[in-house]
DNA sequence: GCATAAAGTAAAGCCCGCTTAACTAAAAAG
DNA sequence: CTTTTTAGTTAAGCGGGCTTTACTTTATGC
């Protein structure tokens, strides 16, 4: 078996294990919040990409402006995000996470991270060094991939 | 920084990169199929766990029997799964992927694997050996985690 | 300045997926 | 053999989320 095929296969095997676990945990968590996936992904977006206007939201989420407006309305009602007028363009709104929204996102991330932590406990220190090195390589490679797009 | 904290942090960093990429790709793919997430997850379940009856479906999916029945009905209509009477218990049904359903699942998995393959291209052979070794450790550790539950 | 474009909202309507409740058919229990 | 339980379906109804259309308000182009 060639080197590159071997890498590919290892990555695929790991992906299968990983996806299965994390997807299940994730959708379970989102369910407990009472929010829809869409709603939660708006929160995640605000967390990772920072505050933005309505238009960014509907473009990135591939939904209509009206849909985005209604989505946001609910999140504002639930006190999870804040919607303020943009001082530079009074038509536009600035959306940002409220304290409560930020906490919820943090909690979700924590949730996702939990089994990573459990996993770490099943790895010996010697193996750990190897794993750390390998993951750094992977994260770097993933970054290079993004640049190329 | 202690060894175990370092492992944890590397795992978390990788998870963030990985989840972001794969979730986005996945939901995009599912959208192209025209199926809902629920519907697709039934297909995935049949793929990974093999044929099963209706009751397994609603228990595993945390939905009512009625919901499962309707879900399955649509998938049968779309010719993605097959529903046959269980010869041993004529009340029960055996659900299995149709040829078309299996192809769709394969396609979805292929889709998920694609960027793993691109990633492999950004890794040198020397790094690759390290990565392969590390991923094997991780898959094994994940397996041990499952056993403990 | 006036027409046009852009940002967002409101309302009406549609489709989807879920739930409950009632039902059929078969198996198990007694 | 009758009763009860189990597997699954059907139908009615609700709510969510989306779209379209119409509208308001603000900015931009000529």
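Some observations on this one:
- Subset tally (residues that are closer than 17 Å to residue B:20 by Cβ and within 7 Å of another protein chain (Cβ to nearest Cβ)) for segment A:125-148: 7
- Test: residue in segment B:56-67 that is over 19 Å from the mean Cα position of the chain (by Cα), outside any helix (DSSP H, G or I) and surrounded by fewer than 17 Cβ atoms within 10 Å (Cβ to Cβ): yes
- When A:103, A:94 are checked against the criterion of being under 19 Å from the mean Cα position of the chain (by Cα), away from chain B (no Cβ under 14 Å) and either touching a residue at least 40 places away in the same chain (Cβ under 8 Å) or more than 16 Å from DNA strand C (Cβ to nearest atom) (or both), A:103 stands alone in meeting it.
- Selection status of residue A:74, surrounded by fewer than 17 Cβ atoms within 10 Å (Cβ to Cβ), in contact with a helix residue (DSSP H, G or I) (Cβ under 8 Å, 6 or more places away or on another chain) and at pLDDT 95 or above: yes
- Residue list for segment A:47-91, filter: within 14 Å of chain B (Cβ to nearest Cβ) and either more than 8 Å from DNA strand D (Cβ to nearest atom) or farther than 22 Å from residue B:24 by Cα (or both): A:47, A:48, A:49, A:60
- Any hit, segment B:85-93, residues being exposed (fewer than 14 other Cβ atoms within 10 Å of the Cβ) and touching a helix residue (DSSP H, G or I) at 6+ places or on another chain (Cβ under 7 Å): no
- Residue satisfying all of: in segment A:31-43; surrounded by 18 or more Cβ atoms within 10 Å (Cβ to Cβ) and not in a loop (DSSP other than H, G, I, E, B); nearest to the other protein chains (Cβ to nearest Cβ) among these: A:41
The values are calculated or read from the model by the stated rules, or taken from the named source; none is laboratory data. Being a predicted model, the structure only gives us computed values, none of them experimental. Every residue, glycine as well, gets a Cβ built from its backbone with ideal geometry; the counts of neighbours run over all protein chains shown.
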